[in-house]
Amino acid sequence: MAETGSLELERLGRIESEALEALAAVDSTTALEAWKVAHLGRKSSPLASALDSLGTLPKEQRPAFGKRGNEVKRALEAAFDARAEALRQAELERELTAGAFDVTQPGRPVVRGGLHPARRMLREIFAVCAEMGFQVYRSRDVESDEYNFQLLNIPPHHPARDMWSTFYIQGDERAAEGTLVLRTHTSPGQVRAMREMAPNPIRIIVPGMVYRYEQVSARKEIQFHQVEGLAVGRNIRMTDLNGTLVEFTRRIFGAERPYRLRCSHFPFTEPSVEMDIECAVCHGAGCSICGSGWLEILGAGMVHPTVLRNGGYDPNTFSGFAWGMGPERIAMLKYGITDIRDFWANDLRFLEQF
Ligand code: DAH
């Protein structure tokens with residue numbers, strides 16, 4: 001019986017050496033595939049038929065035969081992989097010596113996207129404001145006349161509305177919200193935030209697009225971003241506003257850049273100021289871009305008592321400051337951009353500079 005056993009094992013050994021011999025003669029990928037079918041194929045290869053006959057062997061011989069069979073199978077598979085790799089290398093070398101391609105040639109550059117300059121500027125502003133404790137609050141682009149104007153202390157037909165050329169939406173007059181507009185500024189977000197958070201203290205910024213019915217020019221667009229700032233709490237003073245704005249400009253423009261705060265007027269703040277930064281082009285001398293040597297970057301002030309009340313805060317207990325800044329304006333000053341229309345013109349020659 002032991003004799004038959006060793007005969008069977010020899011048969012496996014023969015299958016292995018014949019297969020390896022045939023493999024040594026394989027010199028193309030087509031021939032290699034054919035070899036695989038012939039010697040590792042599950043149906044008709046000698047190895048497969050030998051393994052199929054396992055069941056016909058005496059029980060005690062089966063383990064040794066099975067073990068050897070698997071060894072042969074793994075050896076043939078490994079030999080196949082090695083041969084395939086060798087053929088690949090040979091092919092590569094042939095191409096190299098034939099000069100079919102040049103491995104020293106630099107690769108094709110990857111076209112990388114980048115952040116839009118407006119988004120970049122916004123992120124920079126977010127980072128600075130976040131460090132000062134301001135959270136981002138999102139408010140809507142389509143506003144009611146009530147929030148965009150009335151709750152900000154600008155009654156219907158008041159001449160102060162002339163400060164904003166407004167896109168009115170021909171809405172249903174009977175709509176619960178009354179007349180709808182595209183927000184002309186981010187200030188309505190102040191009242192929405194206050195009504196949501198009263199009587200808790202607030203420190204937020206409200207970023208977003210605002211819309212104005214304007215003649216488009218190098219300095220004016222019909223849409224642009226604003227970042228509103230709002231702090232409400234007890235004992236908030238004008239000096240807090242001043243400190244916040246000065247620190248903000250130092251971080252965005254550097255400590256050396258001259259700035260100034262001027263008295264101004266807004267219906268929703270009292271007192272009100274505007275902040276200017278020295279023009280980067282003429283350095284204060286006055287030029288065609290700035291006129292006076294200064295460029296306005298934001299309006300600000302102490303939140304008007306009426307607005308606090310509209311937001312649900314008692315002005316006898318609470319006070320606050322607010323600002324509204326234009327990030328595109330700031331980016332123009334920072335990067336020396338002279339035409340605001342470049343922001344939304346979608347011209348890659350402009351956008352790729354950032
Ligand atoms: N909303 C004003 C504008 O669009 C800017 C502004 C001024 C916002 C003063 C404020 C503020 O919060 O206090 O012109």
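When the range 280-327 is filtered for residues that are part of a loop (DSSP other than H, G, I, E, B), under 23 Å from W344 (Cβ atoms) and touching a Leu at 6+ places or on another chain (Cβ under 6 Å), only A280 remains. Of the helices (runs of 4 or more DSSP H) that lie entirely inside the range 44-157, those containing 2 or more residues that are farther than 30 Å from E270 by Cα span 46-52, 62-97, 117-131. With the structure loaded, tell me whether S319 is at pLDDT 95 or above, surrounded by 15 or more Cβ atoms within 10 Å (Cβ to Cβ), within 20 Å of I202 (Cα to Cα) and in contact with a His (Cβ under 6 Å, 6 or more places away or on another chain) or whether it fails that test. Answer is no for this residue. The single condition among (1) within 13 Å of the ligand (Cβ to nearest atom); (2) farther than 27 Å from L122 by Cβ; (3) buried (at least 16 other Cβ atoms within 10 Å of the Cβ) that R329 does not meet is (2). Residue count for the range 212-234 under the criterion of being away from the ligand (no atom under 13 Å from the Cβ) and among the aliphatic types (A, V, I, L, M): the result is 3. For the range 265-279, taking the residues that are part of a loop (DSSP other than H, G, I, E, B) and either closer than 25 Å to P188 by Cβ or within 9 Å of the ligand (Cβ to nearest atom) (or both), the one that is farthest from the chain's Cα centre (by Cα) is identified as P267.
Using the structure shown, decide if R237 is free of Cβ contacts under 8 Å to residues at least 24 places away in the same chain and within 16 Å of the ligand (Cβ to nearest atom).
no
With the requirement that a residue be surrounded by 15 or more Cβ atoms within 10 Å (Cβ to Cβ) and modelled with pLDDT under 95, what does the range 282-312 give you? Matches in the range 282-312: C282, I289, C290, G293, W294, L295, E296, I297.
Pairing each residue of the range 263-288 that is at positive phi with any residue that is assigned to a strand (DSSP E or B), provided the two are 6+ apart or on different chains, yields C-beta distances under 7 Å for G284/E278. Just one of the listed residues (G243, G324, G254) is within 10 Å of the ligand (Cβ to nearest atom) and under 35 Å from the mean Cα position of the chain (by Cα), namely G324.
Do any strands (runs of 3 or more DSSP E) entirely within the range 163-262 hold 3 or more residues that are at pLDDT 95 or above, and if so, which? Break it down into steps so the answer makes sense when it comes.
On the way: elements: 180-182, 202-211, 223-233.
Hits in the range 163-262: 202-211, 223-233.
Every residue, every condition in (1) within 30 Å of E328 (Cβ to Cβ); (2) more than 46 Å from the chain's Cα centre (by Cα); (3) of a type in the set (A, V, I, L, M), yes or no:
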{"position": "S17", "(1), (2), (3)": "no, yes, no"}
{"position": "T30", "(1), (2), (3)": "no, yes, no"}
{"position": "S44", "(1), (2), (3)": "no, yes, no"}
{"position": "S49", "(1), (2), (3)": "no, yes, no"}
{"position": "V72", "(1), (2), (3)": "no, yes, yes"}
{"position": "E91", "(1), (2), (3)": "no, no, no"}
{"position": "G99", "(1), (2), (3)": "no, no, no"}
{"position": "G107", "(1), (2), (3)": "no, no, no"}
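The values are calculated or read from the model by the stated rules, or taken from the named source; none is laboratory data. Since the structure is predicted, the reported quantities are computational estimates derived from the model, not experimental observations. Note that each Cβ is placed from the backbone with ideal geometry, even for glycine, and that neighbours are counted across all protein chains shown.
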